[in-house]
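All remarks here apply to the structure that follows.
The values are calculated or read from the model by the stated rules, or taken from the named source; none is laboratory data. Note that this is a predicted model, so its numbers are computed, not measured. A quick note on method: Cβ atoms are made from the backbone with ideal geometry, for glycine too, and the neighbour counts reach across all protein chains shown. Just the protein is used for accessible areas: all its heavy atoms, side chains included, with ligands, DNA and RNA removed. Shrake-Rupley method; radii C 1.70, N 1.55, O 1.52, S 1.80 Å.
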Amino acid sequence: MSNDQEGLETLFDADIDREPVPRSQRLKRQFDLYVAAPCRVAMTDWRALVGTVIVAVFFLMGTLGVWLVDKPSSGDAPVLEPPFQNFDYILGTDTFGQPIGAQLIHATPDMFKMVIAGAVVSVGFAALVGVVSGFLRGTTVDTTLMSITDIIITIPGLPLVIVLVAIFQPESPYVIGVLLGLDNWPGLARTVRSQVLSIREESYVEASQIMGLSTGTILRRDVLAQLMPYITVNSALASRRIIFESVGLYFLGILPFTTFNWGVMMNIAYEGNALNRPDMYHFLTFPLLTIFLMSFGLVLFSQGMDSVFNVRLRARHASTIDDDGGHE
Amino acid sequence: MSNTETIFEVRDLNVTFQMNRGQSRVVRDADIDVARNETLGIIGESGSGKSMLASSFLNAVVEPGVTTGEVTFYPEDGNPVSVLDLSDSELNRFRWEAVAMVFQGAMSSFNPVTKIRTHFRETLQDHNRDIPAGMDRARDLLESVYLDPERILDSYAHELSGGMKQRALIALSLVLEPDVLVLDEPTAALDLLMQRSIVTLLRELQAEYDLTLVFITHDLPLLTKLADRIAVMYAFNIVEIGTTDDLLYNASHPYTRALLDTTPDLNVPVDEMDIIEGSKPDPVDQIPGCSYHPRCPLADDHCRSEEPAMMTVRNTQESACFYYNQAADAVPISAAPSHSPTTDTATDGGDR
Amino acid sequence: MSGNYFVKRVGQAVLTFFATVTLTFVLYQMMPGGPAEALRNVILQQQMGSGNTIDPARIEQLVAQYTNLESDAPIYVQYYQYMSSVFLEQDLGESLYENTAVTTLLADRIPWSMLISVYAMVIGYTGSIVLGAVMAFKEKSRFDSVSSVVVIGLNSTPYYVAGILFIFFFSIRNEFFPTGGRVGLGVEAGFNVAFMQSIAHHAALPILSMSVLGLGAALTMRGNSVRVLGEDYLRVAELRGLRNSRIATQYVGRNAVLPMYTQFMIGIAGVLSSSVIVEQIFSYPGVGMLVYEAIQVRNYPVLMGSLIVFTLVTVVAILIADLTYGFIDPRISAGGDNE
Amino acid sequence: MGASDPMLSMDGVSVEFTNGGGPLDIFGESETVRAVSDVSLDLGEQETLTLIGESGCGKSTLGKTAIGAQKPTSGTVRYRGQDIWKAKRNAGDVSISFDEIRHSLQIIHQDPGSALNPNQRILTSLMLPLKKWYPDLGREEREERIHTLFERVGMSPPGDYLNRYPHQLSGGETQRAVLVRALLLNPDLILADEAISALDVSLRVEMMDLMLELQDIFQTSYLFISHDLSNARYIAEKSGGRIAVMYLGEIVEIGTVEEIVENPQHPYTKALQWATANLYEDDAEAEFPLRKIDVPDPTDLPAGCHFHPRCPKAREVCRQQHPERVHANGDKENYARCFRADENHEYWDSPEITDE
């Protein structure tokens, strides 16, 4: 019943002298809130800073690097050249005369494909199941989803992946990523669900419902926005896990050697008895270091994201909001 | 205090916190005496520093707060104890044996994974008390707060309602027979009915166990039902202190009067209820002069430049206002009866 | 703890296990060409050297013997037979290479893998809990920030990389520990000191490298402790003049460790899974090695059997965790949804 | 819809909650709590009704049922004659759509800390519902309305507040922003669920005054929930509304301010009054008005009058019979559920309960 009352009319018709905010200023504000302020927060948090830099370097390796550095092949260079001797193959060469640096770089794109596929499957699926289940708490959908989750959570991931790999011999990095991501989602889905349940308890969600906002808006604005830090942090952690497992499986020789991979390099070096041959140390060390660095970067990145998503910190670093800090 | 024995003496008490934007002084130069077996009420808005004042009675201001000044405890027999100078082990003995404290977060004051019984036992044990005798006392105490002792002792905190937990905590606070019980907003999170019930129980407990009570709250009506004397805190300092009747019928600080006037009262016509204009003071950027001057109708240049010290209004009442004589006219209280039933006769520590 | 909850949880565990066994059956069926075809290829390869031709009926017979599947029977009959042999006869089929039942092979190896897994978890978690607690106690100190970086660093080292480094430094550079095996040559098996010592000596490095897996718990413990340190009940405990030792153990310790209990039990299962990689590095003959060897020659019955056994261990660990959690944390009432 | 229909009417409303036990949970034991039990209430245009009672008495649940945010287990809730839940299901002859009902009944929550999405600026939180219900308004006009109302509730200049995040506002400012959010939809009823309890004493009167001022402009009804009789009385007296006292899911007494504050019939109302300490009333020595301090277990309600275990005036008959509504003053709407309100009841001849 929008019975237009007189008092209301006069109130809203009252002409207050307010200049409309120009569009450019609004855009500037949006930019400040969603881009500039988070960046400023990241600059103040060394974990976010270092993590982002490392992840960015790897990203450049996988994109620009591949384009700049030729794909290595056997006999490109002398065999087992030590590192830091020759500028063309600064990290030395392996037992087939392939430059190690170039191999590390060319292994990166497939690694990213694997990581992206795996993270999308594990975190995306977990978020979907967790949010749906949490939002429909107590319904048959919820109980069914959670029963399935409980079953899958118990099937040990690595042995299952090994069996699947042994049977199907996947070669595509996407497929491998998906397989590795599969065992990660149920645990996440459970936590996402319990987070959704506690978010639902917040008054502002109930208020949104009572104000008649659509379920989509509520999910997006009230639930997902609140879950974002959690999802981001877990994507980084899931990525790390996928790197660990895929490299491990390549290293064991369980995954087929069809591509450049840090694990494959380790396998060849390790099988070639690198541990006992000082002339091969670099062949084993650089892939190890690469994995370590990437994972270190991802963990730092995930921890740094905690503060980047912290609305209090962002508000403090936003230039379009004056924060006098005295309102506690 | 004239003719009653002092149990606590606080002098020049300051509590400061180091913050990013400067030093925050949350208690400033507070002086206060607590008489043995009295109930002293401390009233103030949230953020007025009253909880910090209360914590300093046990030298328990949370880190990184720094407490300076003198807090002296006078035991019934024995030498005065300088509370702020106690070593860690002395402090451990002093706490709960001489002074116990029930504070705001009582809802979660119990270890969630052990039974209430364990809380009593470990307290007795760590203070080297006889456990069977102590547990008998615990049962008596629980009964005197209207709880079923065996049921409560065998419960975990999450199985009890808020009011039950708070009463169990009061019983726990008395198990070592302390002389003083400090209560910091012990009823803030409870229903009014439970609040008033607890206040009634506290009066009974005080009489039964010869307690001195220090009761901190923002709820003035509740406090008047319990306290013998009331100290009013505004902006991190005590601005007025007097017997309950002194304050109710003869308040002489404009803030106290404004507070009385804004307190909802079932007997006051609603149209006469008022609000205090202006905003709360800031603990970092403290203003010169009287801290209440921006909100005070009596404020003049004197108030803006010089901070008033405590002035004696009568022998039981002091007020930190230059114009305490004029406060009654400047800030009328709509609810107050035209004359006080006790002012003429009240010349010492209250009405009992 | 109500009986109903017990029944419900056990029922759920059995259902989960049932689902996994079904999954292995499905996996057999999903093999390229079905189980018979896949196995035939393996068997043919195996027989190639001997020059014998082998008739199809014999292969059917062998497939049935190895996998408990009669590939010409209707699928539901196959399913029934497969399930009943697993559940009723505890028969997981037979290894393709040794004439040994898969159950026997696994039963031989499981104790060794459990040994290193459980110790790795216990050592990793104990270290983490102590470290995390100290970090929380010295929150924001130099020690805290340095330890955080160290823990993140260790956490970024895959356990197999840790294993390689350990071998390099402690077996090859300095011969403190053997590079492989589970017991020294010529040590007489049995309940004697030399044998026990040899076992410990051989297990030390695998345990150490797998314990890296538990280290992430240090940060969890730190977070939990910091949270508990800010709780009201901790402040009240201090006001009550309780002894510091009691506050540290009964208040901070207990409340901070409790939430990690379930994580720990599930962790054991996770560590056991990782043994596939670790045991290979250390040539430690446990289930992991068995699985690794089975993959090399496509010994499917052993692979499937291992998967079933791994699941069984996980199911049991989680079941124990759930059933006992109610005893150690009174807040989780029986039947409660512990989210 | 008939002209005489009240704006909102609840008839025989009960709400039950069942603990534990999902649909697939065969073994789980379940406990049923009757949060609201057979409540009938009418609320007219621009009327203010105040609900008071202890925590856990079901006042919040009743409030949420009234605004259609909680489905009753039995009974009907009608908005201008239209059954809300039938409108939702689109069953029968729907004269008012659920959408319209939805935006006519609004809420203000207790906790300022969680009333607004912490990740959104205040402006965003206020724009979303406006956008939803007034799609034909332009962005400028929507902002204009918000700014106007912010000025009106004393948050000036509005831009300063609107661009902030909720954590940057004080409790009082947040509650005012939430009030604005509710009013922007121009609702017919606002449920104020302990909306002032979390505020400092000195801010409560201010907030209540503001709510009442805006009531005149927006012609809104309020369902005002409080556990504090003095606040209830303030708002009821200033708005000329009624006060309803709830105990364990039931309305045990309802009446005007005079009836409830000056001359309460029900011993429970008297206990609440005792609990509401007055400054200038020396009732310090007043008798304890309860026999037991704690509320009984709501899953296992006492037989007879639910209040009898705590009631100092309870007699044998209170153990056996559940009191019906007694309209003491011949008033048709106001009543007390207590035998004592009925001068001719057998209660007066019943023996007193000796303490168990």
Among (1) surrounded by fewer than 23 Cβ atoms within 10 Å (Cβ to Cβ); (2) over 15 Å from D:Asp11 (Cβ atoms), there is one condition D:Gly58 misses while meeting the rest; what is its number? (1)
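In the list C:Val291, C:Val316, C:Val271, C:Val278, which residue meets the criterion of being within 9 Å of chain A (Cβ to nearest Cβ) and within 16 Å of the chain's Cα centre (by Cα)?
Numbers: C:Val316 fails: within 9 Å of chain A (Cβ to nearest Cβ); C:Val271 fails: within 9 Å of chain A (Cβ to nearest Cβ); C:Val278 fails: within 9 Å of chain A (Cβ to nearest Cβ).
None of the other options fit; the residue is C:Val291.
I need a count of the residues in the stretch B:297-321 that are within 21 Å of the chain's Cα centre (by Cα), more than 14 Å from B:Tyr234 (Cα to Cα) and not hydroxyl-bearing (Ser, Thr, Tyr). So that I can check it myself, show each step before the final result.
Applying the first criterion (within 21 Å of the chain's Cα centre (by Cα)) to the stretch B:297-321 yields B:310, B:316-320.
Applying the additional criterion that residues be more than 14 Å from B:Tyr234 (Cα to Cα) yields B:316-318.
Among the residues that remain, those that are also not hydroxyl-bearing (Ser, Thr, Tyr) are: B:317-318.
Summing the residues that are within 21 Å of the chain's Cα centre (by Cα), more than 14 Å from B:Tyr234 (Cα to Cα) and not hydroxyl-bearing (Ser, Thr, Tyr) in the stretch B:297-321 gives 2.
Checking the structure you have, find out if any residue of the stretch C:91-101 is among the hydrophobic types (A, V, I, L, M, F, W, C), in contact (Cβ under 8 Å) with a residue 24 or more places away in the chain and outside the structural domain of C:Thr20 (by TED's automatic domain parsing). Explain how you work it out, then say what you get.
The initial filter retains those residues of the stretch C:91-101 that are among the hydrophobic types (A, V, I, L, M, F, W, C), namely C:92, C:96, C:101.
Now narrow it down to the ones that are in contact (Cβ under 8 Å) with a residue 24 or more places away in the chain: C:92, C:96.
Those still in the list that are outside the structural domain of C:Thr20 (by TED's automatic domain parsing) too: C:92, C:96.
Yes, some residue in the stretch C:91-101 is among the hydrophobic types (A, V, I, L, M, F, W, C), in contact (Cβ under 8 Å) with a residue 24 or more places away in the chain and outside the structural domain of C:Thr20 (by TED's automatic domain parsing).
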When you look at D:Leu223, is it more than 9 Å from chain B (Cβ to nearest Cβ), at negative phi and crowded, with 21+ Cβ neighbours inside 10 Å, yes or no? yes
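Taking into account only those residues within the stretch A:58-85 that are assigned to a helix (DSSP H, G or I) and open to solvent by less than 80 Å² (accessible area, probe 1.4 Å), which is nearest to A:Met305 (Cα to Cα)? Spell out the reasoning first.
Step one: list which residues in the stretch A:58-85 are assigned to a helix (DSSP H, G or I), which gives A:58-68.
Remaining after also requiring open to solvent by less than 80 Å² (accessible area, probe 1.4 Å): A:58, A:61-63, A:65-66.
Values: A:Phe58: 18, A:Met61: 22, A:Gly62: 23, A:Thr63: 24, A:Gly65: 26, A:Val66: 28 Å.
Applying the filter and picking the extreme gives A:Phe58.
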Taking A:Thr215 as meeting all but one of (1) within 8 Å of chain D (Cβ to nearest Cβ); (2) more than 14 Å from D:Pro118 (Cβ to Cβ), write down the number of the exception. (1)
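Given the criterion within 13 Å of chain C (Cβ to nearest Cβ) and surrounded by 20 or more Cβ atoms within 10 Å (Cβ to Cβ), identify the matching residue among B:Val10, B:Val27, B:Val15, B:Val102. Reasoning before the result, please.
Details: B:Val10 fails: within 13 Å of chain C (Cβ to nearest Cβ); B:Val27 fails: within 13 Å of chain C (Cβ to nearest Cβ); B:Val15 fails: within 13 Å of chain C (Cβ to nearest Cβ).
When all the criteria are applied, what remains is B:Val102.
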Would you be able to say whether some residue in the stretch B:227-242 is buried (at least 21 other Cβ atoms within 10 Å of the Cβ) and part of a helix (DSSP H, G or I)? no
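I need the full set of residues from the stretch C:265-322 which are part of a helix (DSSP H, G or I), polar (S, T, N, Q) and open to solvent by less than 20 Å² (accessible area, probe 1.4 Å), in order please. Quick ask: steps written out before the conclusion?
Restricting attention to the stretch C:265-322, the residues satisfying the condition of being part of a helix (DSSP H, G or I) are C:265-281, C:287-296, C:300-322.
If we keep only those that are polar (S, T, N, Q) as well, we get C:273-275, C:280, C:296, C:306, C:311, C:314.
Matches in the stretch C:265-322: C:Ser273, C:Ser274, C:Ser275, C:Ser306, C:Thr311, C:Thr314.
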For the stretch B:49-93, how many residues meet the condition of being within 12 Å of chain C (Cβ to nearest Cβ), open to solvent by 70 Å² or more (accessible area, probe 1.4 Å) and assigned to a helix (DSSP H, G or I)? 4
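Just name the residue that is nearest to D:Trp274 (Cα to Cα) out of those in the stretch B:186-224 that are open to solvent by less than 10 Å² (accessible area, probe 1.4 Å) and part of a loop (DSSP other than H, G, I, E, B).
Of all residues in the stretch B:186-224, those open to solvent by less than 10 Å² (accessible area, probe 1.4 Å) come to B:186-187, B:193, B:196-199, B:201-202, B:205, B:211-217, B:222-223.
Imposing the further condition that a residue be part of a loop (DSSP other than H, G, I, E, B) reduces the set to B:186-187, B:211.
Numbers: B:Pro186: 19, B:Thr187: 16, B:Leu211: 25 Å.
The residue in question is B:Thr187.
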Just to be sure before I move on: is A:Ser235 within 13 Å of chain C (Cβ to nearest Cβ) and part of a helix (DSSP H, G or I) in the structure I sent? no
Which one of these does A:Pro229 not meet: (1) surrounded by fewer than 22 Cβ atoms within 10 Å (Cβ to Cβ); (2) touching a Phe, Trp or Tyr at 6+ places or on another chain (Cβ under 9 Å); (3) under 30 Å from D:Leu191 (Cα atoms)? (3)
Could you grab me the full set of residues in the stretch D:251-299 that are closer than 16 Å to D:Arg340 by Cβ, part of a strand (DSSP E or B) and not hydrophobic (A, V, I, L, M, F, W, C)? D:Glu253, D:Gly255
Please go through the stretch D:101-132 and give me each residue that is within 7 Å of chain A (Cβ to nearest Cβ) and either aromatic (Phe, Trp, Tyr) or not in a loop (DSSP other than H, G, I, E, B) (or both), ordered by number. D:Arg102, D:His103, D:Ser104, D:Gln106, D:Ile107, D:Ser114, D:Leu128, D:Pro129, D:Lys132
Just the residues that are over 17 Å from C:Leu92 (Cβ atoms) and buried (at least 20 other Cβ atoms within 10 Å of the Cβ), please, taken from the stretch C:15-35. C:Thr16
Qualifying position, being under 19 Å from C:Leu239 (Cβ atoms), out of contact with any Phe, Trp or Tyr (no Cβ under 8 Å at 6 or more places or on another chain) and away from chain D (no Cβ under 13 Å), among B:Leu181, B:Leu172: B:Leu181
Between residues in the stretch D:157-178 that are at the interface with chain A (Cβ under 9 Å from one of its Cβ atoms) and touching a residue at least 60 places away in the same chain (Cβ under 8 Å) and residues that are open to solvent by less than 20 Å² (accessible area, probe 1.4 Å) and β-branched (Val, Ile, Thr), which pairs lie under 8 Å by C-beta distance while being six or more apart or on different chains? D:Val178/D:Ile108
Starting from the stretch A:136-159, keep only residues that are more than 10 Å from chain C (Cβ to nearest Cβ), then list their pairs with residues that are of a type in the set (S, T, N, Q) and assigned to a helix (DSSP H, G or I) whose Cβ atoms are within a distance under 6 Å, requiring at least 6 positions of separation or different chains. A:Asp142/A:Ser133; A:Leu145/A:Ser133
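Taking the criterion of being not hydroxyl-bearing (Ser, Thr, Tyr) and not in a helix (DSSP H, G or I), would at least one residue in the stretch A:284-297 satisfy it?
No - not one qualifying residue is present in the stretch A:284-297.
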